[in-house]
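The structure appears below as C-alpha cells.
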Amino acid sequence: MIKYSRQREYIRDFLAGQKDHPTAETIYRNAQKEFPNISLGTVYRNLAQLEQLGEIKKLSTGQGPDHFDGNTSPHYHVICTTCGSVIDLEMENINHINILAKTGFDGEIEGHFVYFYGTCKNCLERNGRQPSALPQTLENAIHGQ
Ligand SMILES: [Zn+2]
Ligand SMILES: [Zn+2]
C-alpha cells in the first residue's frame, strides 16, 4: 500500500492536463512552482509509483529521456526524429500483429511495443516541406504499387 502524497497527486494531475508527454525534467520544473523544495529524485520516485499504480504510462522511446503520459488508455505515438516530440496518434488498433507474431513463435505472445517515427508538422514547415500525399488506397500502400 503506497501512502497518500500531495506531491504525487500534483504530478498525476499535472500529467492528466498535458498532451505533450513531458519528460521528468519538465515535470520537475513545473512541480517546483508548487513545491519549491522538491528534488528531481522525488519526482522520479513519484513517477515510478504512479506507473506502478497504473495511473500514468512511461514511454521509453529509445530516443533521449523517457516521456510520461497521463492518458493510460491504449493509443499509439509518433516520435519526431527532428525535435524529439512525442505525439498522440489516432489510429485503428493493430492488435492482430500479436497473431502474426504468434505464427512464427512457439511460445505465447502477450503484447507488443509500437512507436512510429517521422517528422512532425512543425518541423516539416520549418524546413519548407509538405507532408507527402497519402496513397490512393491502403491496399496500394501495403503492397507498394
Ligand atoms: Zn518535430
Ligand atoms: Zn499519449
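Calculated on C-alpha atoms, the gyration radius of the range 1-71 divided by its Kirkwood radius gives an Rg/Rh of 0.93. By the Stokes-Einstein formula, at 1.002 mPa s and 20 °C, the chain with its Kirkwood radius over alpha-carbon pairs has D equal to 120 µm²/s.
Of the peptides 74-81, 113-120, 99-106, how do they stack up when ordered by the mean number of other Cβ atoms within 10 Å, highest first?
Listed from highest to lowest mean packing, they are 74-81, 113-120, 99-106.
Lysine pairs in the chain 8 or more apart or on different chains: how many have alpha carbons under 27 angstrom apart? Qualifying lysine pairs in the chain: 13.
Sorting the Cα pairs of the range 74-132 by distance into bins of 5 Å, from 0 upward, gives 4, 16, 20, 17, 13, 12, 9, 6, 3, 1 percent per bin. Angle between the Cα long axis of helix 24-34 and the longest principal axis of the chain, 0 to 90 degrees, nearest 10? Once rounded, the angle reads 40 degrees. Relative to the dominant Cα principal axis of the chain, helix 40-52 is inclined by about 60°.
Put a plus charge on the Cβ of each Lys and Arg, a minus charge on the Cβ of each Asp and Glu, and nothing anywhere else: the dipole of the range 1-140 about its Cα centre is then about 600 debye.
Bridges between two residues of the chain, per DSSP, are antiparallel at a rate of about 75%. Dipole orientation for the range 74-132: of the candidates SER132, SER85, THR103, SER132 has the Cα lying most toward the positive pole (charges on Cβ; Lys, Arg +1; Asp, Glu -1).
Where in the range 117-145 is the amide nitrogen less than 19 Å from a point lying 7 Å along the Cα-to-Cβ axis of GLU92? Zone members listed by number: 134-145.
Values quoted throughout were computed directly from the atomic coordinates according to the rules given, and no laboratory measurement underlies them. Quick caveat, the model's predicted, so the values are computed rather than measured. Backbone-built Cβ (ideal geometry, glycine too); neighbour counts: all protein chains shown.
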